[in-house]
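Peer 1: Handing you a structure now.
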Amino acid sequence: MKWILESLAETLSPLVSMPAEAVQKLFRVEANAERGDLALPCFPFAKALKQKPDAIAQTLAESIAALDAVEQAEAAGPFLNIRLKLSAIAEHVFTSCLDAPDSFGQNQTGEGKTVVLDFSSPNIAKPIAFHHIRSTVIGNALANLHEACGWKTVRINYLGDWGTTQGKLISAFRRFGSADALQADPIKHLLEIYVRFHQEAETQPELLDEAKALFKNLEDGDASCETLWTQFRELSIREFRRIYDRMGIRFDHYDGESLYRHQLDETVEEVTQKAGAKIDQGALIVDLSDKKLPPCLLRKDDGATLYATRDIAATKDRHERFSFDRSLYVVASQQTVYFQQLFEVLKRMDFDYATRCEHIPFGMLQLADKTMSTRKGQVIFLEDVLDKAVALSREAIAEKNPNLNNADQVAEQVGIGAIIFGDLVAHRKNDVTFEWSRILDFKGKTGVYVQYTHARCRSMLRKGEMDADLKDSAQFTRPEEKEVLKGIAQFPDMVQKATDSCDPSLIANHLVNLCQSFNSLFSMGTEYRFLDDNPALRSTRLSLVLAVATTLKNGLQLLGLATPEEM
RNA sequence: GGGCGAUUAGCUCAGCUGGAUAGAGCGUUGGCCUCCGGAGCCAAAGGUCACAGGUUCGAAUCCUGUAUCGCUCGCCA
């Protein structure tokens, strides 16, 4: 809708003595179609013009009504309601969407800029738990959105592959491990021995000391420790890749914390010099009390480094390698304070890029039955959720479309799409409660609904003959059609907004709304048919179907969902 | 105790920097397949926007306080 808002604001700007940009922001896309398509509250002009808002609305209505794209402009008290010409919106959709379907929704506002995204970031040697889906799916969507806005993206999976846990794994493997079992199902085996390690450590606390010592050996470059660790890491990544492939997600770099293991002394040294660090209670800290933040710990009292030390090194490294304009950390909101500390330390080191780093927090995944949340071995695995969703959609296909020939592939696309969409449709920062019944619900505001609507569009396009030259915006007459066209025309605005605010749920919800207004066109029975006998009418209506399909497809792709032709 | 966030329909939530009669989905109830895909559509019921003050032309939205819940507050990440 930006195209029309710009020209409206240009016209009004001199009349209300306010910059066009400011006027543009005052416009609201009207939800209540009976009032019109756009609304402009006139209160903000009253002071400058020394007139009553009602009177202003009245005068503005007259000058707006003269514009080409405007069908009607009238004052309703202090509000200026504008009704756009259906044909004007349709013409705009024809050129913006139908003439360049593949790039519809995209823009070039990020041209020449680079964004680094740190997301997913599971720990090696453990299965990806369901709660990792949030970072994974949000990060992927944000990367796609930035690309659509012309940004160069760098997708980094910042693996948890360094720390005392690695010592525990080495100890556990030497005691209980089996090379065959490791090769057969690496993650499963590593999890088993890790759980067993903790069980045994309850009665033999010396195991923990052993693990600590082994991690120290690893840090010091002990060859046999290094060999094992490398193996754990590579096998883990292989497994992770398999799941990411299923979800259609890729990374440019698997740069874990271990990448910085050789430059930590150097990092500590630099932080100490530039930001000031001191020993307190045996640990090396940067005091941030003047910012009312807890201290940032660089070294434990035993000299070992911490998460923050590695993150400081990582940020610096990423800036040197990619010279980013924006660096996004898609990490749970629990770590909000931690990121405030991190960015504050970077600022004190005079790194100007500190201000270009942003924490993109998201709410926790809570389990309905809280007893499940803490106990080890009782986590829900991401792949189990995917498998269940795929199995369920496979059943649905068997029932509803038994002759579908690539049924297994479609079941995968629909099942996994449902899980991804389900996570993205909710606002990012809210906590979400895990319930099987809800996550496997394929009705209503779901990915399945959007995919289904898309497939339905494709089906019609296969059935009806459409001559693009016969399409004619004057053939659109219904308010329902106008709603659909408006939804399409707004899509590019939503892409921009979702990118700027790092909020993929805007796209998810917009797609659902578009589906709802489109599907309502089916409720008129014989009164309204897309596959009309009249060729001009049919071609016009099918062009609308094509525009809807294009928007849904591009939108779903941005969110990371596949768009099957049939399902 | 300090900091941050939340509280809107039976349930899960939208509601953007204040704007007109507070909206969806699920669930419930009732309709719609001789016809474009019923994983769909139409309709009904359902609200003291946690509570109390304040700011103004106007408050679910902003401010203050209270209550409840969640996260967090030095050697995990």
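Peer 1: Take region A:384-403 and flag every residue that is near RNA strand B (Cβ under 9 Å from one of its atoms) and among the polar types (S, T, N, Q).
Peer 2: Of everything in region A:384-403, those that are near RNA strand B (Cβ under 9 Å from one of its atoms) and among the polar types (S, T, N, Q) turn out to be A:S393, A:N401.
Peer 1: Mind listing just one residue for me: the one in region A:131-179 that is among the aliphatic types (A, V, I, L, M) and more than 30 Å from A:E111 (Cβ to Cβ) and, of those, surrounded by the fewest Cβ atoms within 10 Å (Cβ to Cβ)?
Peer 2: A:A179
Peer 1: Taking the residues in region A:529-551 that are surrounded by fewer than 18 Cβ atoms within 10 Å (Cβ to Cβ) and touching a Lys or Arg at 6+ places or on another chain (Cβ under 7 Å) as candidates, determine which candidate is nearest to A:R458 (Cα to Cα).
Peer 2: Per the stated criteria, the residue is A:L531.
Peer 1: Out of A:S333, A:S323, A:S289, report the one residue that is in contact (Cβ under 8 Å) with a residue 24 or more places away in the chain, in contact with a Pro (Cβ under 8 Å, 6 or more places away or on another chain) and open to solvent by 30 Å² or more (accessible area, probe 1.4 Å).
Peer 2: Among A:S333, A:S323, A:S289, only A:S333 is in contact (Cβ under 8 Å) with a residue 24 or more places away in the chain, in contact with a Pro (Cβ under 8 Å, 6 or more places away or on another chain) and open to solvent by 30 Å² or more (accessible area, probe 1.4 Å).
Peer 1: A follow-up question, please. Mind telling me which of the residues A:L159, A:L145 ends up being within 30 Å of A:G487 (Cα to Cα) and modelled with pLDDT of 95 or more?
Peer 2: Only one candidate qualifies: A:L145.
Peer 1: Looking at A:F324, is it at pLDDT 95 or above and part of a helix (DSSP H, G or I)?
Peer 2: no
Peer 1: Out of A:L293, A:L288, A:L264, which single residue is in contact with a Ser or Thr (Cβ under 6 Å, 6 or more places away or on another chain), more than 7 Å from RNA strand B (Cβ to nearest atom), of a type outside the set (F, W, Y) and modelled with pLDDT of 90 or more?
Peer 2: Step by step, each of A:L293, A:L288, A:L264 is checked, and only A:L264 is in contact with a Ser or Thr (Cβ under 6 Å, 6 or more places away or on another chain), more than 7 Å from RNA strand B (Cβ to nearest atom), of a type outside the set (F, W, Y) and modelled with pLDDT of 90 or more.
Peer 1: Moving to a separate point now. From the list A:T305, A:T315, exactly one residue is crowded, with 21+ Cβ neighbours inside 10 Å and modelled with pLDDT of 95 or more. Which is it?
Peer 2: A:T315
Peer 1: Another question about this same structure. Is one or more of the residues making up region A:77-86 in contact (Cβ under 8 Å) with a residue 24 or more places away in the chain, under 30 Å from A:P361 (Cβ atoms) and of a type in the set (D, E, K, R)?
Peer 2: No, region A:77-86 contains no residue that is in contact (Cβ under 8 Å) with a residue 24 or more places away in the chain, under 30 Å from A:P361 (Cβ atoms) and of a type in the set (D, E, K, R).
Peer 1: Continuing with the same structure: Is there any pair linking a residue in region A:149-172 that is over 20 Å from A:A223 (Cβ atoms) to one that is open to solvent by less than 10 Å² (accessible area, probe 1.4 Å) and charged (D, E, K, R), with Cβ under 9 Å and at least six apart or on different chains, and which?
Peer 2: Listed pairs, sorted by first residue: A:V154/A:R318; A:R155/A:D118; A:I156/A:D118; A:I156/A:R318; A:N157/A:D118; A:Y158/A:D118; A:Y158/A:D311.
Peer 1: So, one more: Sort out which residues of region A:267-282 are of a type outside the set (S, T, Y) and crowded, with 17+ Cβ neighbours inside 10 Å, and write them in order of number.
Peer 2: Correct list: A:V268, A:V271, A:A275, A:A277.
Listed here are the residues, each with its yes/no results for (1) more than 11 Å from RNA strand B (Cβ to nearest atom); (2) within 19 Å of A:Q106 (Cα to Cα); (3) part of a loop (DSSP other than H, G, I, E, B).
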{"position": "A:E465", "(1), (2), (3)": "yes, no, yes"}
{"position": "A:C502", "(1), (2), (3)": "yes, yes, yes"}
{"position": "A:L506", "(1), (2), (3)": "no, yes, no"}
{"position": "A:Q516", "(1), (2), (3)": "no, no, no"}
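Peer 1: Out of all the residues in region A:23-58, which are free of Cβ contacts under 8 Å to residues at least 12 places away in the same chain and either touching a Cys at 6+ places or on another chain (Cβ under 7 Å) or open to solvent by less than 50 Å² (accessible area, probe 1.4 Å) (or both)?
Peer 2: Within region A:23-58, A:A46, A:A55 meet the criteria.
Peer 1: Within region A:244-258, take every residue that is crowded, with 19+ Cβ neighbours inside 10 Å and part of a helix (DSSP H, G or I) and give me the one that is farthest from the chain's Cα centre (by Cα).
Peer 2: A:S258
Peer 1: Which of the residues that make up region A:427-447 are surrounded by 18 or more Cβ atoms within 10 Å (Cβ to Cβ), at pLDDT 85 or above and near RNA strand B (Cβ under 8 Å from one of its atoms)?
Peer 2: Across region A:427-447, the qualifying residues are A:F442, A:K445, A:T446.
Peer 1: Let me ask something else. If A:S120 meets every condition in (1) open to solvent by 20 Å² or more (accessible area, probe 1.4 Å); (2) touching a residue at least 24 places away in the same chain (Cβ under 8 Å) apart from one, which number is that one?
Peer 2: Of (1) open to solvent by 20 Å² or more (accessible area, probe 1.4 Å); (2) touching a residue at least 24 places away in the same chain (Cβ under 8 Å), only one is false for A:S120: (1).
The values are calculated or read from the model by the stated rules, or taken from the named source; none is laboratory data. Computed from a predicted structure; not experimentally measured. Cβ: placed from backbone, ideal geometry, glycine included. Neighbour counts: every protein chain shown. Ligands, DNA and RNA are stripped out before the accessible areas are found, and what is left, the full protein with its side chains, is counted by its heavy atoms. Shrake-Rupley method; radii C 1.70, N 1.55, O 1.52, S 1.80 Å.
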